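Written out below as structure tokens is the structure these notes cover.
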Amino acid sequence: MEYEGQICRGPMERASYMLPISVGCSYNRCRFCMLFKHLSYRELPLEQIEEELRRVSGLGGNPKQVFLGDGNAFSAETDRLLAIFALIRRYFPGCQGVNMDATVHDILRKPPRELTALSEAGVRTLYLGIECGLDDVLAQMNKGQTMAQAGEAIERLHQAGMSYGAHIMTGIAGKGRGLENAQALADFFNRTRPDRIVNFSLFLHRRAPLYQDILSGQFLPVDELENLREEQRLLALLETDGLVYDGFHDCITFRVRGNLPQDREKMLRKLEAAIGEYEAKEPVFAFVP
């Protein structure tokens, strides 16, 4: 299948077979994101999806795990998702589970009986863009959700038998608010128990709407030193056992990852070393020209 746009999936899905079922993002209004701004959202025909499954199966493919793309595949109607899962089972009999990205409102608009049906059909993990733990920041970013709504959506997932992974961005709260955000996120995650957290530390394209907020003074950006301190505080406060954490800082090519709680001290030491290094440097801001 010819893929349209930029491939977007978390590192925990690197071993999964990625099956696009749509193009772009049905929401596509977050002020920090440029991944899908150039695309018009549309769902791919079932015939095209089946043809791709047939092609891969004919080449001997029988993956254990499938990741559905693109930006928020869970926005599809439940009947459509169930039809796609039936095709996956037909062509990949060894598949043990299907994961995908979702928005909080994708989950809240599906009634409990549909969430249960999707879980029973093979959905294992949904990845949610939590991004930040502060409601005023979520509103400024036009994220379209509150922390209370996120908590409700996650509770519904758990009741249906699914787990969730969280995407966050250190730096998204703006200058001087990193430690506040770390505390809010830790409190939220300690209650809602994600299996995985990926920190895509804010790495802003100059064409993103949020960059215009920087130019107008409505948003004060954070340098990478404050990002590292925010991440350090978050990792120190997380209390969820069996949590897989992966944190990226593409602008400074720094990455910290491991399993909590067993790798916590090693990860904190690595962050402390990076903080010491960047305390001695001029501030670095994560902008893309």
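Things worth noting here:
- Rounded FRET efficiency, nearest 0.05, which uses the C-beta distance separating E155 from R269 and R0 of 51 Å: 0.90
- Formal net charge of residues neighbouring E277 (Cβ-Cβ distance under 15 Å; K, R +1; D, E -1): -2
- Cα-based equivalent ellipsoid, region 169-289: semi-axes from gyration tensor eigenvalues, Å: 25, 16, 12
- In this structure, N142 and K175 have a Cβ-Cβ separation that, at R0 = 25 Å, corresponds to a calculated FRET efficiency of about 0.80.
- For q = 0.16 Å⁻¹, Debye-computed log10 I/I(0) when each Cα of region 80-167 counts as one equal scatterer: -0.64
- Close amide H pairs (under 5 Å, H built 1.01 Å from N) link R206 with V288, residues at least 5 positions away or on another chain.
- Taking the helices alone, the chain has a mean residue ellipticity at 222 nm of -12000 deg cm²/dmol, built from -39,500 (n - 2.57) per DSSP H run of at least 4 residues and averaged over all its residues.
- Rule-of-thumb Rg ratio for the chain [Cα; 2.2 N^0.38 Å; N residues]: 1.02
- Across the options V222, G61, I275, the greatest Cα extent toward the positive end of the charge dipole of the chain (unit charges at beta carbon of Lys, Arg, Asp, Glu) belongs to G61.
- R0 of 35 Å, Cβ-Cβ distance Q183-E120: FRET efficiency to nearest 0.05: 0.40
- Of all lysines in the structure, the ones whose alpha carbon falls short of 29 Å from that of K270, not counting any fewer than 8 places away in one chain, are K175, K281.
- Counting charges near G97 (Lys, Arg +1; Asp, Glu -1) among other residues having Cβ under 13 Å from its Cβ returns a value of 0.
- Packing-based ranking, highest mean first, of 59-69, 210-220 given that Cβ atoms within 10 Å are counted: 59-69, 210-220
- Spin-label model distance (nm) - S216 vs C8, 7 Å beyond Cα toward Cβ: 2.3 nm
- Each residue of region 9-26 is assigned a 3J(HN,Hα), and the resulting list reads 7, x, x, 5, 9, 5, 8, 7, 7, 9, 10, x, 10, 8, 10, x, 10, 6 Hz, derived from the Karplus form 6.51 cos²θ - 1.76 cosθ + 1.60 (θ = phi - 60°), x at Gly and Pro.
- Each peptide in 31-44, 123-136, 157-170, 183-196 gets a packing score, the mean of other Cβ atoms within 10 Å over its residues, and the list from highest to lowest is 123-136, 157-170, 183-196, 31-44.
- Extension gain, N62 to D246, is 63.5 nm, computed as 0.36 nm per intervening residue step minus the present C-alpha separation.
Every read-out reported here was derived from the displayed coordinates using simple, explicitly stated rules and does not represent laboratory data. From a predicted model like this one, the values you see are computed outputs, not experimental measurements. Cβ atoms come from the backbone with ideal geometry, glycine included; neighbour counts cover every protein chain shown.
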